Protein chains: 2
Amino acid sequence: MTTLLPLIETPTDAPCCTPGAGGLDPERAATIARTFKALGDPTRIRLLSIIAAAPDGDACICDLTEPVGLSQPTVSHHMKLLAEAGLVTREQRGKWAHFAIAPDARGTIDAALDLALDLR
Amino acid sequence: MTTLLPLIETPTDAPCCTPGAGGLDPERAATIARTFKALGDPTRIRLLSIIAAAPDGDACICDLTEPVGLSQPTVSHHMKLLAEAGLVTREQRGKWAHFAIAPDARGTIDAALDLALDLR
């Protein structure tokens, strides 16, 4: 015996979509965006890669200016943004500031991504 | 019998630092920075989080404008930047464009981070 299953009718006047959740609140979104904005500049990416590739994972500001071809004040400004975003640590040794990739840099970025991409 | 080991003398006139590696080349750094620049904006972070939180992981452009309080052309522009960075996919369904988090979005970002932070 054949049982006829009722057809589920799709209403033709239905709106195209179901409204989604509101997503992150603006303040939290701004904090997350700040972390990524620090990474969203070619010079800062180069500076990070130079520090990451340094023999002891530590680079003096005096060694960062020449590879990127910028003045020390400009490089200092870039390093300040990276430090504020929690991506590098800064240590003053005598005359020179030394920078290292922050031990939790990757964790900071991963946590920001979790919030942006995996919120359910 | 005691063997005296020679002392290694540290020259006092040594420069403060050993020069580091040159880091990423400018072109590659620019590509990586573009990915992060797409994430470096509060509105785009909110748009991503709304899409990620949508019931089917899929959001119509018509549902993205109201939560962020922006016009559809402005939201479309933000979505274009996210799509170009490989962070979302776009599918046209009739009148409306629908967006989903790209399956390899996390992989794209992780690969960029590997290059920026772990180069040795």
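Bear in mind that the values in this text are calculations on the coordinates, not laboratory data. All of these numbers come straight from a predicted model, not from anything done at the bench. As a convention, Cβ positions derive from the backbone with ideal geometry for all residues, glycine included, and neighbour counts pool all protein chains shown.
Could you pull out every one of the lysines with an alpha carbon less than 27 Å from that of B:K37, ignoring same-chain neighbours closer than 8 positions? Cross-link targets: A:K37, A:K80, B:K80.
Computed with the Debye formula from one identical point scatterer per Cα of segment B:61-115, without solvent, the log10 of I(q)/I(0) at q = 0.19, 0.22, 0.30 Å⁻¹ comes to -0.69, -0.85, -1.18. Mean separation of Cα pairs under 8 Å and 6 or more residues apart, divided by the residue count, gives segment B:61-115 a relative contact order of 26 percent. The phi torsions of segment A:76-88, fed into the Karplus equation with coefficients 6.51, -1.76 and 1.60 and a -60° offset, translate into couplings of 4, 4, 4, 5, 4, 5, 5, 5, 5, 7, x, 9, 10 Hz, rounded to whole numbers, with Gly and Pro shown as x.
Phi angles of segment A:54-60 translate, via the Karplus equation with coefficients 6.51, -1.76, 1.60 and θ = phi - 60°, into HN-Hα couplings of 5, x, 9, x, 9, 10, 7 Hz per residue; Gly and Pro are given as x. Label points for B:E27 are taken 7 Å from Cα along Cα→Cβ. From this copy to the others they lie 4.6 nm apart, shortest first. When the Debye formula is applied to the Cα atoms of segment A:26-117, each taken as the same point scatterer, what base-10 log of I(q)/I(0) results at q = 0.15, 0.17, 0.21 Å⁻¹? Cα-only, vacuum Debye calculation for segment A:26-117: -0.56, -0.70, -1.00.
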